[in-house]
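The values are calculated or read from the model by the stated rules, or taken from the named source; none is laboratory data. Everything numeric here is computed off the predicted structure, so don't read it as measured data. As a convention, Cβ positions derive from the backbone with ideal geometry for all residues, glycine included, and neighbour counts pool all protein chains shown. These area figures cover heavy atoms from the full protein model, side chains too; ligands, DNA and RNA do not enter into them. Shrake-Rupley method; radii C 1.70, N 1.55, O 1.52, S 1.80 Å.
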Amino acid sequence: MNLSASYNIVLVEDDLELAELIRDYLQSFEFNIEIVTDGITAVSTILSTQPDLVVLDVMLPGQSGMDVCREIRPKYNGMILMQTALDDDVDQMMGSSSGPMTT
């Protein structure tokens, strides 16, 4: 029995081509993946599904990944993996101050 099949992941990524590549790769390991492409929809999806893991892009339309993280953290105790192309240390510190995270 493959235990990964029981894990649900919400992938929040506005680049649909990249999101589909990530989804296809993770599905090959039998993870259940739901793609969300904007920050506003991400909040309601994460809070309603309570996934095992959220992979959260920082730069999103509608609401930034940092704001999504701050909004969901009081009601979501799962892991959040921040995904970013940003290279600035300040951006990285802002992400870590959005709540407890695993590195």
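Which residues, counting only those in segment 9-25, are touching a Gly at 6+ places or on another chain (Cβ under 9 Å) and either open to solvent by 50 Å² or more (accessible area, probe 1.4 Å) or in a helix (DSSP H, G or I) (or both)?
Within segment 9-25, just D14 meets the criteria.
Please work out which residue is least open to solvent (accessible area, probe 1.4 Å), limiting yourself to segment 26-65 and to residues that are closer than 14 Å to M79 by Cβ and assigned to a loop (DSSP other than H, G, I, E, B).
P51
Find all pairs meeting these conditions: Cβ atoms under 6 angstrom apart; at least six residues apart or on different chains; first residue within segment 10-28 and within 21 Å of C69 (Cβ to Cβ); second residue among the acidic types (D, E).
V10/E34; V12/D57; E13/D57; A19/E13
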